[in-house]
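To keep things clear, I will list the structure first and then write my remarks on it.
The values are calculated or read from the model by the stated rules, or taken from the named source; none is laboratory data. Since the structure is predicted, the reported quantities are computational estimates derived from the model, not experimental observations. Virtual Cβ from ideal backbone geometry, glycine too; neighbours counted across all protein chains shown. Only protein heavy atoms, including side chains, enter the accessible area calculation; ligands, DNA and RNA are left aside. Shrake-Rupley method; radii C 1.70, N 1.55, O 1.52, S 1.80 Å.
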Amino acid sequence: MKLTTQKQFRLSRHFMTFALSGLMFSTGIGFSQQAGFAHTSASAIALTTPRSALPSSVELKVRQAAAQQFNIPLREIQVVHFSQQTWTDGCLGLGGAADSCLQALVEGWQIEVSSGQQNWLYRTDKNADTIRLAPNSETGVTLPASVNQRLLRTVSRQVRVPMRRLKVAEVRSATWDGCMGVFKPGQACTKIAIPGWQAIVTNGDRSWVYHLDQSGNRIAQNPTASGSQGGLVPSFIPEENLSPSEKDVVFQSIVSGDLAGKVTQLTLTQDGAITQWIMGPNIRSRPIVVKRLSQQQVEQFQQMMQTQRFPNFHRLRYLSSAAMADYPTTTLKGMGITVQYIDLEIKNLPRALQDMVQAWAQLSASAQR
């Protein structure tokens, strides 16, 4: 599992793609720190029931588990994201070789908690009688002190913000090509594997995304994904939440999180058809073609994705605490890329992402809702 370290989305709305892709992520006082015993896709099955609120008793138990396990005051532990899960065994998919796990489907939760400095994922059963810390190779990922300082000095110089006002909000391990993973239309990049990191740096109001090699000798800003403002600090989508689009899909948007629990998916395919699929507690429509584009329109939209450097947004999510108040959240997928944002914060997104959102809205405008 991949773990993130930024304030996230408290509701599982943005990834009801589970109903569409079949890939889920999940977590969890009998807690365990066994790492890597089970692959997530094998430990949870797709959830098709409506989204529910997290019971306060479950929330408290998980917060208490994290506070005890990491010796952090309870008041500093907050739930920042959760999702309902159905685990494939009594060990919540985290059993080790010596464990005897009941082979039965277990309803429960995956809950992400944060201390403000670090995040952890837990898996629980329905009432949190069993709580397990989920393995995640990104848990506790930090830059070496020398690399961290080198990065902050570079950012301070480039964005003209005093170094003391900057902090690294989140880091994940990454492997880059010769262009350090920064996409430019028509640019040829050497096919080499450069181990390093992707880091999000913020001054509290604005945020920037940077790509580094392991030594910090090569530091490249990802200008497309940088520039979110208004305190909207991006974070990383866990790798296990990513799923490939079908072969003929050009672009897809999945909007979820309203009070009714409705999820609306719009999909543009190579043949120019825009198909709508709506799901909800009392709704389950069939896919309906709501609009057809000419081949020229499809090609123009594909070109626009390249012009706006859409690949530079891969695995980033621009979500805020407002997500807890049932504001809609959107997942965009195309060119093998997945990015998320909360609708309430569109004006604070990086400019290129705003343009993508507007272009897709115009293209699918006549699609009947």
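Hey, which lysines would be in cross-link range of residue 61, C-alpha to C-alpha under 24 Å, not counting anything within fewer than 8 residues on its own chain?
Straight-distance partners of residue 61: 2, 7, 126.
How long are the three semi-axes of the equivalent ellipsoid of region 216-369, in whole Å, if each is the root of 5 times an eigenvalue of the C-alpha gyration tensor, listed from largest down?
Whole-Å semi-axes of the equivalent ellipsoid: 25, 21, 14.
Please give, to one decimal in nm, the separation of the simple spin-label points placed at residue 142 and residue 290, each 7 Å out from Cα toward the Cβ.
Going by the 7 Å Cα→Cβ label model, 4.7 nm.
Provide Rg and Dmax in Å for region 214-265, with only Cα atoms included in the calculation.
16.6, 50
Hey, if we sort 205, 89 by accessible area with the 1.4 Å probe, largest down, what's the order?
205, 89
Output wanted: per-residue J couplings in Hz (rounded whole) for region 179-187, from phi through Karplus 6.51 cos²θ - 1.76 cosθ + 1.60, θ = phi - 60°, x for Gly and Pro.
The phi angles translate into 9, 6, x, 9, 7, 9, x, x, 7 Hz.
Straight-line reach from residue 291: which lysines have Cα under 25 Å away, leaving out those fewer than 8 places along the same chain?
In chain and number order, the partners are 247, 262, 333.
For region 121-246, what size does the Cα cloud have along each of its three principal axes, sorted from largest down, in whole Å?
50, 39, 29
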